[in-house]
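Below you'll find the structure, written out as structure tokens, and then a few comments.
The values are calculated or read from the model by the stated rules, or taken from the named source; none is laboratory data. Predicted, not measured: the structure shown is a model, and the values here were computed from it. Here Cβ is always computed from backbone atoms with ideal geometry, including for glycine, and neighbour counts include all displayed protein chains. Ligands, DNA and RNA are stripped out before the accessible areas are found, and what is left, the full protein with its side chains, is counted by its heavy atoms. Shrake-Rupley method; radii C 1.70, N 1.55, O 1.52, S 1.80 Å.
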Amino acid sequence: MRRIETLRIAESYRRHLWTPTEQNILHGQDADGIRVDTPDSTLSVSRAGRPGWWKPGKMNQGMPYQWGGFDTPESFDQKIKQGFAAGDVYTSDKRRHLYDAVSNYACGVDCSGFISRCWLLDRPYSTRELPKLCTPLTNYNDLKAGDILNKHNTHVLLFYKFIDKEKTRFLAYETGSPPTWKVLLHPIKVDYVKGLGYKPYRYKRIID
């Protein structure tokens, strides 16, 4: 697995273009009784902690966050056409129930599913499992493109590059984080993620 390929995959999620319909909106229980809230523009901030973004009948960019999601851009598009719910936001209730809260009627990708796809893994590995595939890094300064910053049972980021000589800020890909519910690339302060307890790791099979 080459670093450049990892970034190519990440970009394909961030730049993905898709056009949903009203059928892809769901705020309520799916056919299995699992609560689903798609991050469309009608999503209540009080429900999700941050606003939704995608609009039906419009071309949208970026794959939406789905709790437990592991879609590729291709499988996502197929499910959108079939009327699946486009995304499913994180809630504390989802965290309590883990895999039992994953909807089979929604599509998208979550933070660890995104990393698993970028690393071409055969299944979605959780933030509890990803460190087992990695070598821990002793210093944030050693991070390279395609490495991760992981917080156990919480969240994971894909490191891209430092954006200042002092290495105090970096760009990272992630999904499910502010400002909204989709795969994005944005700047983050090193001290901020350090303070939250994120640890740097390198996938054992990644090569330069």
Residues of segment 1-49 satisfying the condition of being farther than 30 Å from Leu133 by Cα, of a type in the set (A, V, I, L, M, F, W, C) and surrounded by 12 or more Cβ atoms within 10 Å (Cβ to Cβ):
Trp18, Ile25, Leu26, Ile34, Val36, Leu43, Ala48
For segment 57-69, which positions are surrounded by fewer than 24 Cβ atoms within 10 Å (Cβ to Cβ) and either farther than 18 Å from Glu11 by Cβ or touching a Lys or Arg at 6+ places or on another chain (Cβ under 7 Å) (or both)?
Gly57, Lys58, Gln61, Gly62, Gly68
Of the residues in segment 2-39, those that are in contact with a helix residue (DSSP H, G or I) (Cβ under 8 Å, 6 or more places away or on another chain), closer than 15 Å to Gly108 by Cα and assigned to a helix (DSSP H, G or I) number 5
Restricting to segment 150-161, what's the tally of residues that are open to solvent by 20 Å² or more (accessible area, probe 1.4 Å) and polar (S, T, N, Q)?
2
Would you mind finding the one in Asp147, Asp142, Asp164, Asp191 that is more than 18 Å from Ser12 (Cβ to Cβ), crowded, with 22+ Cβ neighbours inside 10 Å and either in contact (Cβ under 8 Å) with a residue 24 or more places away in the chain or not aromatic (Phe, Trp, Tyr) (or both)?
Asp147
Restricted to segment 65-93, and to residues that are touching a strand residue (DSSP E or B) at 6+ places or on another chain (Cβ under 8 Å) and modelled with pLDDT under 95, which residue is farthest from Glu22 (Cα to Cα)?
Asp93
Per the filter on segment 92-109, residues more than 14 Å from the chain's Cα centre (by Cα), under 17 Å from Ile25 (Cβ atoms) and open to solvent by less than 30 Å² (accessible area, probe 1.4 Å) are Ser103, Ala106
